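Everything below concerns the one structure shown next.
The values are calculated or read from the model by the stated rules, or taken from the named source; none is laboratory data. Worth saying up front: this structure is predicted, and the values here are computed from it rather than measured. All Cβ positions, glycine included, derive from the backbone under ideal geometry; neighbour counts span all protein chains shown. Note: accessible area is taken over every heavy atom of the protein model, side chains too, but ligands, DNA and RNA are not part of it. Shrake-Rupley method; radii C 1.70, N 1.55, O 1.52, S 1.80 Å.
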Amino acid sequence: MINGTTKVVGIIGNPVGHSFSPAMFNAAFKSMNMNYVYVPFKVEKENLKYAIRGAKAFGIQGLNVTIPHKQKVINELDKFDIMANLIGAVNTIKFKEGKSKGYNTDCVGAVRAIKEVSDLKDKNVVIVGAGGAARAISFQLAIEGVNSINMINRSPKKAKSLIYDIKTLLSADFTDNSKLDELTIDFSHIDITFKYGSLDELPKSLADADILIDTTPVGMHPNLNDEPIATYDIMHSDLIVNDIVYNPLETNLLKEAKKIGATIIYGTKMLLYQGAENFKIWTGEEAPLDIMEKSILNSIK
Ligand code: ATR
């Protein structure tokens with residue numbers, strides 16, 4: 001029950017009405033008897049800075065940030081962590097003692113889902129898409145010590161420029177950035193081969209890949225009949241296939257992967273694990289994964 005000591009967290013974005021997060025976090029707080037409430041806040045672009053100032057003034061504990069504010073919000077924050085800095089996007093904010101700190105937990109979420117089924121060290125990964133999700137996931141994979149990342153995109157130019165960006169940032173010196181909290185990641189060990197190509201090159205690149213991650217919106221509700229980016233005949237049974245689309249739960253890509261006996265990872269896992277990371281950042285507690293996963297699956301239904 002909401003009372004005088006209830007702590008508030010939430011999500012800012014536009015739109016926010018479709019978000020699964022309020023149900024997921026409120027179920028988590030309830031199951032752990034924690035006096036928190038998670039609220040959706042629709043915030044127009046021009047009001048972003050007032051929203052952040054207002055959140056501080058109201059003593060809000062933390063916020064998730066979604067489209068269209070993930071990049072712009074960085075300018076409004078006092079501090080951010082290294083992953084948010086590399087990725088150039090924040091999806092989680094923690095407010096403490098009148099100060100704000102931004103995090104990016106999308107990257108950890110996606111990679112934790114894969115680590116659940118396989119070690120990442122020395123693996124060859126094919127990422128389809130070259131947008132924000134591909135960027136976040138690539139940085140985290142690099143830190144985890146994969147052998148190679150081959151970024152395949154409809155417009156290969158975009159993949160080329162993203163790969164260039166990632167390579168440059170991985171060898172950059174951030175010690176002068178006063179908004180960065182302490183550097184907690186050692187980049188000196190990163191030794192990774194980056195490649196890029198067009199969708200025509202996907203069959204060839206999958207032949208010696210260990211992991212395929214589809215970061216495109218292909219097959220996302222309501223486009224259930226989209227042709228998947230890969231069919232079973234170009235996959236193999238040792239492949240791990242992760243689609244970050246989570247609605248529907250089983251996309252056409254994952255159906256194809258199943259046909260050939262590949263290991264599949266549902267997009268809901270990324271959502272779950274980034275949520276778990278946010279929960280920990282805000283409350284200091286381990287998240288109740290089973291309750292949160294149940295809530296996500298209910299929302300999809
Ligand atoms: P996000 O930031 O969430 O990752 P995004 O920036 O819109 O989303 O990126 C989506 C990626 O999916 C893009 O790389 C896009 O390809 P282009 O760079 O050529 O635009 C890719 N994508 C979107 N729709 C696609 C489709 N129907 N087929 C293949 N790729 C698609």
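A few points about this structure:
- Residues within region 220-243 that are at pLDDT below 95 and either touching a strand residue (DSSP E or B) at 6+ places or on another chain (Cβ under 7 Å) or not assigned by TED's automatic domain parsing to the domain that holds Lys258 (or both), tallied: 0
- Enumeration of residues in region 254-290 that are within 20 Å of the chain's Cα centre (by Cα), assigned to a helix (DSSP H, G or I) and over 27 Å from Asp81 (Cα atoms): Leu254, Asp290
- Which numbered condition Ile60 misses (of (1) of a type in the set (A, V, I, L, M); (2) out of contact with any His (no Cβ under 9 Å at 6 or more places or on another chain); (3) open to solvent by less than 40 Å² (accessible area, probe 1.4 Å); (4) not in a loop (DSSP other than H, G, I, E, B)): (4)
- Residue in region 275-286 that is modelled with pLDDT under 95, open to solvent by 30 Å² or more (accessible area, probe 1.4 Å) and within 30 Å of Ser31 (Cα to Cα) present: no
- Ala134 being open to solvent by less than 50 Å² (accessible area, probe 1.4 Å), under 21 Å from Gly275 (Cβ atoms), touching a Phe, Trp or Tyr at 6+ places or on another chain (Cβ under 8 Å) and of a type in the set (Gly, Ala, Ser): no
- Conditions (1) outside the structural domain of Ser205 (by TED's automatic domain parsing); (2) touching a Ser or Thr at 6+ places or on another chain (Cβ under 9 Å); (3) modelled with pLDDT under 95; (4) within 16 Å of the ligand (Cβ to nearest atom): number failed by Asp81: (4)
- Subset tally (residues that are closer than 15 Å to Ile11 by Cα and open to solvent by less than 10 Å² (accessible area, probe 1.4 Å)) for region 65-88: 3
- Pair list, Cβ under 6 Å, 6 or more apart: region 6-27 residue closer than 15 Å to Ser299 by Cβ and modelled with pLDDT under 95, other residue of a type in the set (Asp, Glu) and open to solvent by 10 Å² or more (accessible area, probe 1.4 Å): none
- Within region 106-129, the set of residues being open to solvent by less than 10 Å² (accessible area, probe 1.4 Å) and at pLDDT 95 or above comprises Ile114, Leu120, Val125, Val126, Ile127, Val128, Gly129.
- Residue match in region 125-138 (condition: more than 22 Å from Thr216 (Cα to Cα) and not aromatic (Phe, Trp, Tyr)): no
- Taken together, Phe58, Phe29 contain a single residue that is more than 24 Å from Tyr246 (Cβ to Cβ) and of a type in the set (Phe, Trp, Tyr), which is Phe58.
- Extreme residue, nearest to the ligand (Cβ to nearest atom), among residues of region 194-243 that are open to solvent by less than 10 Å² (accessible area, probe 1.4 Å) and assigned to a strand (DSSP E or B): Asp214
- Given (1) within 11 Å of the ligand (Cβ to nearest atom); (2) out of contact with any Phe, Trp or Tyr (no Cβ under 6 Å at 6 or more places or on another chain); (3) of a type outside the set (Val, Ile, Thr); (4) open to solvent by less than 20 Å² (accessible area, probe 1.4 Å), number of the condition Leu141 does not satisfy: (1)
- Residue in region 43-58 that is more than 20 Å from Lys79 (Cβ to Cβ) and in contact with a strand residue (DSSP E or B) (Cβ under 6 Å, 6 or more places away or on another chain) present: yes
- Selection status of Ile244, within 20 Å of Ala113 (Cα to Cα) and either touching a residue at least 60 places away in the same chain (Cβ under 8 Å) or touching a Phe, Trp or Tyr at 6+ places or on another chain (Cβ under 9 Å) (or both): yes
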